[in-house]
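Structure first, commentary second.
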Amino acid sequence: MESSSRALLLLVVAAAVAGLAAANFRDDCDIPWEPQNARFTSDGNGLTMSLVSNYSGCMLRTKKQFIYGTVSTLIQLVPGDSAGTVTTYYASSVGDNHDEIDFEFLGNETGQPYTFHTNVYTNGVGNKEMQFKPWFDPTAGYHNYTISWSPCMIIWYVDSVPIRVFRNYQASNGVAFPTSRPMYAYSSIWAAEDWATQGGRVKTDWSKAPFVASYDNIQLDICDCSGSGGGCGTGCQAYAGACQLSSAELGQMQWVQDNYRIYDYCVDYKRWTNGQKPVECNLPRY
Ligand SMILES: *[C@@H]1O[C@H](CO)[C@@H](O)[C@H](O)[C@H]1NC(C)=O
Ligand SMILES: *[C@@H]1O[C@H](CO)[C@@H](O)[C@H](O)[C@H]1NC(C)=O
Ligand SMILES: *[C@@H]1O[C@H](CO)[C@@H](O)[C@H](O)[C@H]1NC(C)=O
């Protein structure tokens, strides 16, 4: 290998192992929908996003696109009555047949638990939902939500506890997995009273608007695809990380899965196509 390209490779690897880089909402993100409902706080290190009416929420999007990486932020979900509101936190490609990695926080009546919804779309196809109830009150303070996307697996973390893993079984078993389309990371708050809370039975009490989600400390450790040249190239493979959770993490995840998981598409046989369990559900899941 030519020495200059070896130096470049070392640089890419060094960047990949550097850990989560501090970022700033004002400098590193745009507000592409209803910017009047967003407020930067603490010099752009914090943010609030409000849902002010049925048709006026707010959306945040990173300026950079990436293939593989880890995105973390602290969020305090809407306090009090959040019925019919949905706060989302996800990574998604742009255009048709998109890839997407989702966290959605479905609001509830005062005193009733939020639902944490997760899903993965590849090539426009999702149907890989898993839901949890939180083991803490996510409206009483900030908690750390992380999406980690690597060539081996996608991991959803809450306060550094892995709650779900979706492994890459594309090459070995033909299970679609996002590997090639650059994604932006997003967060939004919007109205979904027709379905979000208790199946749509509980509507939003608009007299309580605005509904405000608060954010702090966004951290981006991503393989940037937005720079000159446009492509992330093979450097992004350096974002592989470990392909297996540590045994401590596996224990934590098992605790969440056993006690706080409220929905798993793998056991929802009514939704299986032709009575067949999805392929990945018969393989080691983490
Ligand atoms: C809010 O919007 C949804 C559709 O987007 C509609 O079905 C619902 O009736 C609206 N609610 C109010 C209070 O306007
Ligand atoms: C959030 O969790 C991630 C994943 O464990 C961690 O790397 C990051 O440092 C945490 N952020 C904060 C602000 O604690
Ligand atoms: C809201 O609370 C009810 C009652 O505790 C619960 O069944 C439901 O899963 C919670 N979440 C949503 C989004 O409705």
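Worth a mention:
- Most fluctuating residue given options Lys270, Lys133, Lys208, as computed from a GNM of the chain linking Cα atoms under 10 Å: Lys270
- Computed about its Cα centre, the charge dipole of the chain is approximately 460 debye, with only Lys, Arg, Asp and Glu carrying charge at their Cβ.
- The aspartates and glutamates within cross-link reach of Lys133, meaning a Cα-to-Cα straight distance under 13 Å and a gap of 8 or more places when in the same chain, are Glu104, Asp258, Asp264.
- Stokes-Einstein D for the chain, Kirkwood Rh over Cα pairs, 4 °C, 1.567 mPa s (µm²/s): 66
- Peptides 59-68, 36-45 ordered by average Cβ neighbours within 10 Å, highest first: 59-68, 36-45
- Between region 33-55 and region 119-158, the alpha-carbon center distance in angstrom: 22
- Within-14-Å neighbourhood charge of Gln65 [Cβ basis; K, R +1; D, E -1]: -1
- Local electrostatic count at Asn123 - Lys and Arg +1, Asp and Glu -1, tallied over other residues with Cβ under 13 Å: -1
- Note, ³J(HN,Hα) from phi for region 57-71, Karplus 6.51, -1.76, 1.60, rounded to Hz, x at Gly and Pro: x, 6, 9, 10, 9, 5, 6, 9, 9, 8, 10, 6, x, 10, 10
- Across the chain, the mean sequence separation of Cα contacts (distance under 8 Å, 6 or more residues apart), normalised by length, yields a relative contact order of 27 percent.
- Think of it as helices only: each DSSP H run of n ≥ 4 in the chain is worth -39500 (n - 2.57), and spread over all residues that comes to -3500 deg cm²/dmol at 222 nm.
- A simple count of charges around Arg201, restricted to other residues whose Cβ falls under 15 Å of its Cβ and scoring Lys, Arg +1 and Asp, Glu -1, yields -4.
- Region 272-285 - phi-based ³J(HN,Hα) in whole Hz, Karplus 6.51/-1.76/1.60, Gly and Pro as x: 5, 7, 6, x, 9, 5, x, 3, 5, 6, 9, 10, x, 8
- Of Ala83, Ala171, Ala140, the residue with the greatest mean-square motion in the GNM of the chain, using alpha carbon springs below 10 Å, is Ala171.
Bear in mind that the values in this text are calculations on the coordinates, not laboratory data. Because the structure is predicted, anything quoted here is derived from the model rather than measured. As a convention, Cβ positions derive from the backbone with ideal geometry for all residues, glycine included, and neighbour counts pool all protein chains shown.
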